[in-house]
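This report concerns only the one structure given below.
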Amino acid sequence: MTLTTSRPTVAILGAGGVGGLLAALLSRSGHRVVCLAREATADALRGGIEVRSRRFGDFRAVVEADTELREPVDACLITVKHTTLDAALTRVPPAALGDALVVPFLNGVEHPATLRARYGADRVAAAAIRVESTRLPSAGTGPVVIEHGSPFAEIDLAAGTADRAGLEALAKALSEAGATARVVPDETRALWEKMSFLAPFALLTTRYGLPLGEVRTRHREELEGLVAETAAVSRACGCPVDPAAALARYDAFPPETKSSMQRDAEAGRPLELDAIGGALLRAADRHGVPAPVAARLVREIAAAGQ
Ligand SMILES: NC(=O)C1=CN([C@@H]2O[C@H](COP(=O)(O)OP(=O)(O)OC[C@H]3O[C@@H](n4cnc5c(N)ncnc54)[C@H](OP(=O)(O)O)[C@@H]3O)[C@@H](O)[C@H]2O)C=CC1
Ligand SMILES: CC(C)(CO)C(=O)C(=O)O
């Protein structure tokens, strides 16, 4: 099967903040959506997904749910956290995928290699998403409730060796469902542009337990230092970014904005510290770029979690 049908069938591994929102939007616009989840979450998903969103309105969507992929689909979106990626991928056996595209939406820059090793280079196309969406805690029964707090839902699908027509069809499906989705030519750029914005924001909001508005005023010097370091690493990796533009973006965000790493810390969940801060430091090391502020923050956040 190739992803050129007008209504692609989409599997979604991990119906949390990102996956739950995309599942509900695609289902609302007429796609068959199969959410792959742990048994208890699959049960809750059979009660539907309720979305509360300033941008998309409040609505309820019907999705299918299973604990494992059992039939070929057109695309399989991977929307689990890095900390659970290996365990979750056992629900998507390579043989069950058919010709499906595998599209990870995780933050970080290293996971595409894990996915390519498992599914093959031609199957995997990395994505970056800017959304700020959260799954609300539930008592275990459905529906699953997703709160989308930002006015944006922007998706870059990076063309590489994966089927370009399939990726264009997925971008069209996501755009018709309401997101702002496009295919971009360069995976390194797509992932590092996101990383350059995310890493300073996630590390500082998590370290100090403060929303962005307070970080950008009370910890301005550290923010500027970290943005400069991250931009230097990104440039060395092949993605030039402008530190002044990154700072201007932080300043434009609503002051109450929190990062998903910070929300995880508040809830006592495992952090994607290695996938974000760790990956940043490994890249800095590979390219001989000094990153003392990032190194200290990663150390302090790790120590606080122990
Ligand atoms: N939230 C956001 O606004 C943004 C997040 N991102 C990135 O997207 C990725 C996903 O984040 P987010 O949606 O917030 O994460 P969530 O924690 O909200 O959701 C993760 C989902 O993965 C599921 N999961 C965990 N382990 C397994 C498993 N073994 N098998 C099946 N499902 C599993 C969880 O299911 P269960 O409920 O059963 O635990 C949960 O539904 C992360 O890399 C994040 O950094 C990127 C941009 C924005
Ligand atoms: C910055 C944000 C909210 C953008 O989507 C994000 O990716 C995160 O907090 O993990």
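Matching residues to (1) more than 16 Å from ligand 1 (Cβ to nearest atom); (2) under 29 Å from Ala24 (Cα atoms); (3) crowded, with 22+ Cβ neighbours inside 10 Å; (4) assigned by TED's automatic domain parsing to the domain that holds Ala121:
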| residue | (1), (2), (3), (4) |
| --- | --- |
| Ala173 | yes, yes, yes, yes |
| Ala199 | no, yes, yes, no |
| Leu223 | yes, no, yes, no |
| Ser234 | yes, no, yes, no |
| Pro243 | yes, no, no, no |
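So which residues in region 72-130 are within 12 Å of ligand 1 (Cβ to nearest atom) and acidic (Asp, Glu)? Hits for region 72-130 are Asp86, Glu110. Which number in (1) more than 16 Å from ligand 2 (Cβ to nearest atom); (2) of a type in the set (Gly, Ala, Ser); (3) buried (at least 22 other Cβ atoms within 10 Å of the Cβ) marks the one condition that Gly108 misses? Condition (1) is where Gly108 drops out. When region 134-165 is examined, which residues are found to be surrounded by 22 or more Cβ atoms within 10 Å (Cβ to Cβ) and within 11 Å of ligand 1 (Cβ to nearest atom)? Passing the criteria: Val144, Ile146, His148, Ala153, Ile155.
Within region 52-95, which residues are buried (at least 18 other Cβ atoms within 10 Å of the Cβ), closer than 15 Å to Leu25 by Cβ and more than 16 Å from ligand 2 (Cβ to nearest atom)? Ala61, Val63, Ala75, listed by residue number.
Condition (residue is in contact with a strand residue (DSSP E or B) (Cβ under 7 Å, 6 or more places away or on another chain), of a type in the set (Val, Ile, Thr) and more than 22 Å from Glu132 (Cβ to Cβ)) applied to region 228-242: is it met by at least one residue? Checking region 228-242: not a single residue is in contact with a strand residue (DSSP E or B) (Cβ under 7 Å, 6 or more places away or on another chain), of a type in the set (Val, Ile, Thr) and more than 22 Å from Glu132 (Cβ to Cβ). Close Cβ contacts (under 6 Å, 6 or more residues apart or on different chains) running from residues in region 120-146 that are assigned by TED's automatic domain parsing to the domain that holds Pro93 to residues that are of a type in the set (Phe, Trp, Tyr) and within 16 Å of ligand 2 (Cβ to nearest atom) comprise Ala127/Phe105; Ile129/Phe105; Arg130/Phe152.
The values are calculated or read from the model by the stated rules, or taken from the named source; none is laboratory data. The shown structure was predicted, so the numbers you read here are calculated from the model rather than taken from an experiment. With ideal geometry, Cβ positions are generated from the backbone for all residues, glycine too; neighbour counts draw on all protein chains shown.
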